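Visitor: Submitted below is the structure of interest, expressed as structure tokens.
The values are calculated or read from the model by the stated rules, or taken from the named source; none is laboratory data. If you're wondering where the values come from, they're calculated on a predicted model, not measured in any experiment. Please note: Cβ atoms are built from the backbone with ideal geometry, for glycine as well, and neighbour counts cover all protein chains shown. Areas reflect the complete protein model, heavy atoms only, side chains present, ligands, DNA and RNA absent. Shrake-Rupley method; radii C 1.70, N 1.55, O 1.52, S 1.80 Å.
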Amino acid sequence: SKLAALFEHPLYNIPVPEVTEKDKLFIINPMEKFSLRSSGSDEWVSSSKAETLLPTGKTAYDTYPTWLKFHIGINRYELYPRRDPLLPTLLRDLATQRIVSSVQKSGGTQLKLIMTFPNYGQALFKPMKQTRDQETPIDFFYFSDFERHNAEIAAFHLDRILDFRRIPPVSGRLVNITKEIRDVTTDKKLVKTFFISPAGNICFYGECSYYCSTEHALCGKPDQLEGSMAALLPDKTLAKRRSWRSPWRRSYHKSKKAEWELNPNYCAQVRETPPYDRGHRLLDLIDMTILDFLMGNMDRHHYETFEKFGNDTFLLHLDNGRGFGTHSRDESSILAPLQQCCSIKKSTYLRLQLLATQPYRLSDVLREALAADPLAPVLAEPHLRALDRRLGKVLVAVGHCLAR
């Protein structure tokens, strides 16, 4: 296994700083316990009663569902640890847990659903919009592109292979539109958009600002639909997040260019602007830039951080559905922060060099990671080959910086 060998490499065993209580997103209440409602049930109930008995040698934490353990494990330095024993279980839960509720997520340009499980866990479902071998039409603007379910799955695994670990876990899932969406939804607006197509398939389209119409309906075969299931982050009422506008945000205008596209010395003014004027925020942004270039994502207008940790923490790499849309061309403008600032973390650079070598080739380790997903194959082969080509271009860009 190339993937196992990669994670054993010394570059993937650099210790994170010691995590103190103030570095944790949550403090555990030792009295809060969870148990199944009854034998044979998959519904969980919580209890704060001190007299609740626990099996010998078990703590309250041991009774928590996997999604809650994931939330509790988030700290200032990482969303989840490198050798996280919870990860396989959490991915399996996302793919198999019974769906008890399904409602449309408000906001955003395209349809997304929030699915709830019997153990109170929730996932963000993005449905299949195009097949693996379709490319985004060359005349499409980046802001009118489809969001792809397989891009969300591949982005999670790529982010982990790069050792960023800033994307919440994502699994593919085959959903029954009738039993797992229509029959369990309480969303009256969503219900009104279900219909049976001329081919006899169950379809729906929801409400959103793009692609929510009968012309862009999501149809099953006859009611089976592929999608990505992403573990939701803690509710914002419990763990506030701050949204930051990216300095290299595109203009989102059909003819206007952004300032960074016109000013080659743009990075100098970014370096003088908080929070980029100190710490590792700019380097973290360049990490995100490299991730986006590798998967061809031009739609990174904002990013988020957990407010509790201030400016000294990692960036969350959310909403990656517009990645992996094209494999035949590389969008070099995505690399502007790296090219203009000529800065990169040494650890990131060394890992990129490692992933360009035969024993750990990026396309091979990502192919292996994606093979375990329920919807495998997740990416068409040309997309995997494009990763190796783009990785070479990132290394060339760093080489030009070193030469300068």
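Visitor: With the other protein chains left in place, how much accessible area per residue, in square angstrom, belongs to the chain at a 1.4 angstrom probe?
Guide: Accessible surface, normalised per residue, equals 47 Å².
Visitor: A follow-up question, please. Please report, as a whole percent, how much of the solvent-accessible surface of region 192-268 comes from carbon and sulfur atoms (probe radius 1.4 Å).
Guide: The value for region 192-268 is 50 percent carbon and sulfur by accessible area.
Visitor: Between S197 and A268, what length comes free when the chain is fully extended (0.36 nm per residue of separation minus the Cα-Cα distance, one decimal in nm)?
Guide: Contour length minus the Cα-Cα distance gives 20.0 nm.
Visitor: About its Cα centre, what dipole magnitude does region 63-113 give when the only charges are +1 on Lys and Arg Cβ and -1 on Asp and Glu Cβ, stated in debye to the nearest 20?
Guide: With Lys and Arg at +1 and Asp and Glu at -1, about 20 debye.
Visitor: What nm value, rounded to one decimal, do you get for the distance between R132 and W244 when each label is placed 7 Å out toward the C-beta?
Guide: The answer from the label model is 3.6 nm.
Visitor: Less than 28 Å apart at the alpha-carbon level, and either on another chain or at least 8 residues along: which lysines does that give for K189?
Guide: K105, K112, K126, K129, K179, K221, K236
Visitor: So, R0 is 30 Å and r is the distance between the beta-carbons of A95 and K236; what FRET efficiency does that work out to, to 0.05?
Guide: For R0 = 30 Å, the calculated efficiency reads 0.70.
Visitor: Quick one: which residues, 5+ away or cross-chain, put their amide H under 5 Å from the amide H of G172? H built at 1.01 Å from N.
Guide: Sorted by chain and number, the residues that satisfy this are M229, L375.
Visitor: Under the rule of -39500 (n - 2.57) per DSSP H run of 4 or more residues, summed and divided by the residues of the chain, what mean residue ellipticity at 222 nm is obtained, to the nearest 500 deg cm²/dmol?
Guide: Only helices count here, giving -8500 deg cm²/dmol.
Visitor: Heavy atoms only, probe 1.4 angstrom, no DNA, RNA or ligands counted: give me T116, T186 ranked by accessible area, highest first.
Guide: These residues rank, largest area first, as T186, T116.
Visitor: Okay, moving on. Provide the solvent-accessible area of Y210, counting protein heavy atoms only and rolling a 1.4 Å probe, rounded to the nearest 10 Å².
Guide: 80 Å²
Visitor: Right, something else. In Å, what Kirkwood hydrodynamic radius results for the chain from the alpha-carbon pair distances?
Guide: For the chain, inverting the mean 1/r across all distinct Cα pairs yields 22.6 Å.
Visitor: Which FRET efficiency, nearest 0.05, do R389 and I14 yield, Cβ-Cβ r, R0 25 Å?
Guide: With R0 = 25 Å, the Cβ-Cβ based efficiency is 0.35.
Visitor: Could you list the residues of region 148-167 with an amide nitrogen less than 18 Å from a label point located 7 Å from the Cα of Y252 in the Cα-to-C-beta direction?
Guide: So the set is 148.
Visitor: If you take the square roots of the eigenvalues of the alpha-carbon gyration tensor of region 261-303 and sort them as a ≥ b ≥ c, do you get rounded (a/c under 1.5), prolate (a/b over b/c) or oblate?
Guide: oblate
Visitor: Next up: Using the basic label-point model (7 angstrom from Cα toward the beta carbon), what is the N29 to V184 distance in nanometres?
Guide: Going by the 7 Å Cα→Cβ label model, 2.6 nm.
Visitor: Okay, moving on. Going highest first, how would you order 310-319, 341-350 by mean Cβ packing within 10 Å?
Guide: Per-residue Cβ counts within 10 Å, averaged per peptide and sorted highest first, yield 310-319, 341-350.
Visitor: Let me ask you something else. Provide the solvent-accessible area of F26, counting protein heavy atoms only and rolling a 1.4 Å probe, rounded to the nearest 10 Å².
Guide: 50 Å²
Visitor: If you don't mind, another one. Mean Kyte-Doolittle hydropathy of 0.0 or higher plus an axial Cα length of 20 Å or more: which whole DSSP H helices in the chain meet both?
Guide: Qualifying helices, which must be both long enough and hydrophobic enough, are 281-295, 381-403.
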